[in-house]
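I have placed the structure first, in the form of structure tokens, so that the comments after it can refer back to it.
The values are calculated or read from the model by the stated rules, or taken from the named source; none is laboratory data. From a predicted model like this one, the values you see are computed outputs, not experimental measurements. FYI the Cβ positions are ideal-geometry reconstructions off the backbone, even for glycines, and counts take in every protein chain you see.
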Amino acid sequence: MLQFDLLKTDPTSHARRGTLTLNHGKVQTPIFMPVGTYGTVKGVMPRSLEEMGAQIILGNTFHLWMRPGLDIMKSFGGLHGFEKWDKPILTDSGGFQVWSLGAMRKITEEGVHFQSPVNGDKLFMSPEVSMQIQTILNSDIVMQLDECTPYETNGKKTTEAEARKSMEMSRRWAKRSKDEFERLENPNALFGIVQGGMFTNLREESLQALVEMDFPGYAVGGVSVGEPKDEMLEIMAHTPHLLPANKPRYLMGVGTPEDLVQGVADGVDMFDCVMPTRNARNGTIFTRYGDLKLRNARHKTDHQPIDTTCTCHACAGKSGVSWDNGGRDGFSRAYLHHLDRCGEMLGPMLTTIHNLHYYLNLMQEVRDALDAGTFDQFRAQFKADRARGV
Ligand SMILES: CO[C@@H]1O[C@H](CNc2nc3cc4c(=O)[nH]c(N)nc4cc3[nH]2)[C@H]2OC(C)(C)O[C@@H]12
Ligand SMILES: [Zn+2]
């Protein structure tokens, strides 16, 4: 089941405020979705995810099929019971993940033949198999199996003819995914994925064909795959707002804080990206006033938290009162720098909590600005703040 209520459209952009009602609960949009590939958002307790305002998280069909496998997943009634997350979950279909495997795969019209990276078994993923796995996972939002058209192959840019061939196969797999999803009587929601590479004409053909199949929601795929930033921004500006206004729009794998705010202005409702979690583990911290490199020696003696405006557990501790508002419970940059240098596990746990809180709080501020009709002013302030530097 999926119901999308479009609450407000911003008069100065394609931005919109909405509410998504799914089997495991409601999601306020625009929204950022933390990535939990193996049934965990790395290093973060479900309780902490709830405290920081996470409303929906991602899982991966491919990874969970490899490990722990379908029998164990079935015994827990799906992914919610296994990872103890009772709010909505979106699962990616596995196509992109097999594609990122590189050499160990062969793509045919029928599906993808590949070797398990876990034990070398010869495996096969088709639209039908992907739907069967996602039905067992019982995710609230299921993604069709598609082929993520590469930006380039062996250094050669994908041609329009190659992008068309890939897009047309994804279109046929969209239909096969939908037919199997319905045959299985899956009670959740299946999203179609727009492909077409960096060719806006192909993007429109793909979008049109998927809209005719009438999905409850749509994703824009095939970006954030190593293309130059300006080409990603061009597709983000071109495609999402052409999708039906009364359906949720999901941009896959994007992006930086700036990409999210621009993406909202371009009409995107849902985002996922590994950046906040991955960068946290390598000491790149997102803050209101710019990015901070925790390993820089200048932080070694600094008593301030990583973000003096932040109320997350890393920056504001038990009281939740930010440094700027007089709170002194937070962990200092000196302490986080020390944990990182010692390779202590609490380090990435705290920086991940902060980075995810930053992304989720940013989207809360976006929703508040859309509700107040001040999104234009918010964008200007956001840009100025981020340019200030920490
Ligand atoms: C920049 O971060 C790296 O790039 C990936 C994010 N970029 C991305 N573009 C995507 C496109 C598709 C698609 O076309 N179809 C389906 N079904 N899923 C998709 C998932 C996608 N994610 C992250 O994924 C890894 C972890 C490989 O590195 C990160
Ligand atoms: Zn923080």
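Please specify each residue of the range 366-390 satisfying the condition of being more than 14 Å from Asp307 (Cα to Cα) and either modelled with pLDDT under 95 or within 14 Å of ligand 2 (Cβ to nearest atom) (or both).
Of all residues in the range 366-390, those more than 14 Å from Asp307 (Cα to Cα) come to 366-384, 387.
If the condition is that a residue be more than 14 Å from Asp307 (Cα to Cα) and either modelled with pLDDT under 95 or within 14 Å of ligand 2 (Cβ to nearest atom) (or both), then no residue fits.
For residues in the range 334-351 being touching a residue at least 40 places away in the same chain (Cβ under 8 Å) and not β-branched (Val, Ile, Thr), which is nearest to Ala297 (Cα to Cα)? Even if it seems obvious, please write down each step before you answer.
First, pick out the residues of the range 334-351 that are touching a residue at least 40 places away in the same chain (Cβ under 8 Å): 336-337, 340-341, 345, 348-349, 351.
This time we only want the ones that are not β-branched (Val, Ile, Thr), so: 336-337, 340-341, 345, 348-349.
On the way: Leu336: 12, His337: 8, Asp340: 12, Arg341: 11, Met345: 20, Pro348: 18, Met349: 21 Å.
So the residue we want is His337.
Specify which of the listed residues (Met33, Met52, Met73) is surrounded by 23 or more Cβ atoms within 10 Å (Cβ to Cβ) and modelled with pLDDT of 95 or more.
Numbers: Met52 fails: surrounded by 23 or more Cβ atoms within 10 Å (Cβ to Cβ); Met73 fails: surrounded by 23 or more Cβ atoms within 10 Å (Cβ to Cβ).
Checking each option against the conditions leaves just Met33.
Only residues that are in contact with an Asp or Glu (Cβ under 7 Å, 6 or more places away or on another chain) and aromatic (Phe, Trp, Tyr): list them for the range 154-191, please.
Selection gives Trp173 alone.
Looking at (1) within 21 Å of Glu365 (Cα to Cα); (2) crowded, with 18+ Cβ neighbours inside 10 Å; (3) away from ligand 1 (no atom under 16 Å from the Cβ), which is the one condition that is false for Phe286?
Condition not satisfied by Phe286: (3).
If Tyr335 passes every condition in (1) surrounded by fewer than 20 Cβ atoms within 10 Å (Cβ to Cβ); (2) aromatic (Phe, Trp, Tyr); (3) near ligand 2 (Cβ under 9 Å from one of its atoms) but one, which one does it miss?
(3)
So is Ile353 closer than 25 Å to Ile56 by Cα and either crowded, with 21+ Cβ neighbours inside 10 Å or out of contact with any Asp or Glu (no Cβ under 6 Å at 6 or more places or on another chain) (or both) or not? Before you say what the answer is, go through the steps one by one.
Values: closer than 25 Å to Ile56 by Cα: yes; either crowded, with 21+ Cβ neighbours inside 10 Å or out of contact with any Asp or Glu (no Cβ under 6 Å at 6 or more places or on another chain) (or both): yes.
Against the criterion (closer than 25 Å to Ile56 by Cα and either crowded, with 21+ Cβ neighbours inside 10 Å or out of contact with any Asp or Glu (no Cβ under 6 Å at 6 or more places or on another chain) (or both)), Ile353 qualifies.
Need pairs with beta-carbon distance below 8 Å; first residue in contact (Cβ under 8 Å) with a residue 12 or more places away in the chain and more than 17 Å from Leu49 (Cβ to Cβ) and within the range 311-325, second among the aromatic types (Phe, Trp, Tyr) and within 16 Å of ligand 1 (Cβ to nearest atom); sequence gap 6+ or separate chains.
Here the result reads none, with nothing in the range 311-325 linked to a residue that is among the aromatic types (Phe, Trp, Tyr) and within 16 Å of ligand 1 (Cβ to nearest atom).
Within the bounds of the range 190-206, is there any residue that is surrounded by fewer than 18 Cβ atoms within 10 Å (Cβ to Cβ), among the β-branched types (Val, Ile, Thr) and touching a helix residue (DSSP H, G or I) at 6+ places or on another chain (Cβ under 9 Å)?
Within the range 190-206 (the criterion being surrounded by fewer than 18 Cβ atoms within 10 Å (Cβ to Cβ), among the β-branched types (Val, Ile, Thr) and touching a helix residue (DSSP H, G or I) at 6+ places or on another chain (Cβ under 9 Å)), the answer is yes, since at least one residue qualifies.
Tell me whether the range 162-179 contains one or more residues that are surrounded by 15 or more Cβ atoms within 10 Å (Cβ to Cβ) and not in a helix (DSSP H, G or I).
Looking only at the range 162-179, we keep the residues that are surrounded by 15 or more Cβ atoms within 10 Å (Cβ to Cβ), and these are 162-164, 166-171, 173-178.
Those still in the list that are not in a helix (DSSP H, G or I) too: none.
Within the range 162-179, none of the residues are surrounded by 15 or more Cβ atoms within 10 Å (Cβ to Cβ) and not in a helix (DSSP H, G or I).
Name the residue, out of Asp329, Asp259, Asp324, that is within 16 Å of ligand 1 (Cβ to nearest atom) and either assigned by the TED database to the domain that holds Val142 or at pLDDT 95 or above (or both).
Asp259
State all residues of the range 135-157 that are in a helix (DSSP H, G or I) and within 15 Å of ligand 1 (Cβ to nearest atom); if no residue qualifies, say none.
Let us first name the residues in the range 135-157 that are in a helix (DSSP H, G or I), namely 135-137.
Correct list: Leu137 only.
Would you mention how many residues in the range 95-136 are closer than 18 Å to Phe181 by Cα and among the hydroxyl-bearing types (Ser, Thr, Tyr)?
Total satisfying the criteria: 3.
Could you tell me how many of the residues in the range 270-281 are under 16 Å from Ile57 (Cβ atoms) and among the charged types (D, E, K, R)? Walk me through it before giving the result.
Going residue by residue through the range 270-281, those that are under 16 Å from Ile57 (Cβ atoms) are 270-278, 280.
Cutting the leftovers down to among the charged types (D, E, K, R) gives us 272, 278.
Residues flagged as under 16 Å from Ile57 (Cβ atoms) and among the charged types (D, E, K, R) within the range 270-281 amount to 2.
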